[in-house]
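Here is the structure we will look at.
Every number in this text was worked out from the coordinates using simple rules, so none of it is lab data. From a predicted model like this one, the values you see are computed outputs, not experimental measurements. All Cβ positions, even for glycine, are placed from backbone atoms using ideal geometry, and neighbour counts span all protein chains on display.
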Amino acid sequence: MKLQNGELSKELLNSQTHIWNHIFNFINSMSLKCAVELQIPDIIDRHGAPMSLSELVKALGIKPERTHSVYRLMRFLVHSGFFVKQSLSTAPEFNDEEQGEGYVLAPASRLLLQGPLSIRPFLGVRKSRGGVQKNGLDVGNSLKLCDPKLNRLFNEAMASDARLVMSVVLEHCEGVFEGLDSIVDVGGGTGTVAKAIAEGFHDIKCICFDLPHVVDGLVGSKNLSYVGGDMFEIIPNADAVLLKWILHDWSDDECIKILKHCREAIPSKENGGKVIIIDMVVKAHEGENDLLETQLFFDMLMMTVVTGKERSEEEWAKLFVNAGFSDYKITPMLGLRSLIEVYP
């Protein structure tokens, strides 16, 4: 390849950088994994003030000669938006790396702290050897057959996501549950979503519906019950059916089958029947390329580990029509995902 002029040389070098960024993109997740396993977010959070590099190294129990390695890891994570550097108001001396600055948490790293909304379990699922292949089974069964530890991490990841999403839904979109006497959460796992609805709306009868081995032995409450079954065969009757992050696991034909069972389980639109879907609606978000990129990451993930995909509004609408529904409403208020209400 002959370099003809300066502009072409610049273009080729920029292209090389672009390609290298994709080749070495795995360093993002590996660096984040390293920080979480070292408990760096928790250490900085407990410190309660900007934490100098030397203080962090001491708290980590790392030999002083490895200080520069910690500095380089933190430099990368600051660049990636997980930590922020702030001036240290009181400290007599600093080494070359510290320069009178300390680390504090960025908004994203607060979701890496130990706690009910932590996204840390996803890192455990991501790093597990070989990942998860569906091979025609439901994801829950695949995990159970694959590795009990991975199954536990997957359930923890889903539960932490459910807590975060439902805290937003119940605060900003509680009207979606108004007028309902009953709701069934399909694929509800151990009941994190159903519990949140039951606690927020004491007059709504909530059913957590999942495979028998998932709900076996789980104890409900006054307005929460657990029912075992298969969504491809029948779904318990209720005023509304909730599908949180379920349909993206399945092909169009499988989704239509699930949605038809949903339609059979609810009353007419005039009598308050509807299906509530929490899932991604893929589209170009002006000024939000990171959001679209993450949606496309998930779409590639769905292509490789299950039979499903992330769908555009046009693809969702086609599913709803083919499943016998008459109308739908999309509320894009959940970051990557949207709340979709579908009416018979």
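Assorted remarks:
- If R0 is taken as 45 Å, the Cβ-Cβ distance between Glu341 and Ala106 corresponds to a FRET efficiency of 0.85.
- Label-point gap, in nm, between Phe24 and Leu301 - each point 7 angstrom along Cα→Cβ: 2.4
- Asp210, Asp253 arranged by Cβ crowding within 10 Å, fewest neighbours leading: Asp253, Asp210
- Panel order for Tyr103, Tyr226, by other beta carbons found within 10 Å of each beta carbon, from fewest to most: Tyr226, Tyr103.
- Principal axis box of the chain, alpha-carbon based, largest edge first, Å: 70, 58, 39
- The range 146-269 - percent relative contact order, Cα under 8 Å, separation 6 or more: 22
- In percent, rounded to a whole number, the relative contact order of the chain is 10, using alpha-carbon pairs under 8 Å and six or more apart.
- For the range 194-344: relative contact order, % (alpha-carbon pairs under 8 angstrom, 6 or more apart): 21
- Derived scalar couplings ³J(HN,Hα) [the range 319-333; Karplus, 6.51 cos²θ - 1.76 cosθ + 1.60; whole Hz; x for Gly, Pro]: 4, 4, 5, 5, 8, x, 8, 9, 7, 8, 9, 10, 10, x, 10
- 26 Å Cα-Cα threshold exceeded, pairs from Lys85/Lys244; Lys222/Lys260; Lys244/Lys274; Lys195/Lys318; Lys205/Lys260; Lys269/Lys309: Lys85/Lys244; Lys222/Lys260; Lys195/Lys318; Lys269/Lys309
- Residue with peak Gaussian network fluctuation, the chain [Cα springs, cutoff 10 Å], from Ala157, Ala194, Ala317: Ala317
- Surrounding net charge for Asp181, when Lys and Arg each add one and Asp and Glu each subtract one, Cβ distance under 14 Å: -1
- Rg(Cα) / (2.2 N^0.38 Å) computed for the range 208-344, rounded to two decimals: 1.10
- In sequence order, calculated HN-Hα J values of the range 210-221 (Karplus, 6.51, -1.76, 1.60; Hz; x Gly/Pro): 7, 4, x, 5, 6, 9, 4, x, 6, 9, x, 9
- Dipole orientation for the range 1-87: of the candidates His47, Gln16, Gly61, Gly61 has the Cα lying most toward the positive pole (charges on Cβ; Lys, Arg +1; Asp, Glu -1).
- Residues Cys262, Cys255, Cys34, arranged from fewest to most other Cβ atoms within 10 angstrom of their Cβ, appear as Cys34, Cys255, Cys262.
- Less than 5 angstrom separates the built amide H of Lys205 from those of Ser182, Ile183, all sequence-distant by 5 or more or on a different chain.
- Its DSSP H runs of at least 4 residues, each contributing -39,500 (n - 2.57), put the calculated 222 nm mean residue ellipticity of the chain at -14000 deg cm²/dmol, to the nearest 500.
- Its Cα centre serving as origin, the chain has a Cβ charge dipole (Lys and Arg +1, Asp and Glu -1) of approximately 960 debye.
- Residue-by-residue Karplus 3J(HN,Hα) for the range 153-170, coefficients 6.51, -1.76, 1.60, Hz, glycine and proline x: 4, 4, 4, 5, 5, 5, 5, 5, 5, 4, 4, 5, 5, 5, 5, 6, 4, 5
- Annotation: peptides 160-168, 235-243, 267-275, 61-69, ranked by per-residue average of other Cβ atoms within 10 Å with the highest first, follow the order 235-243, 160-168, 267-275, 61-69.
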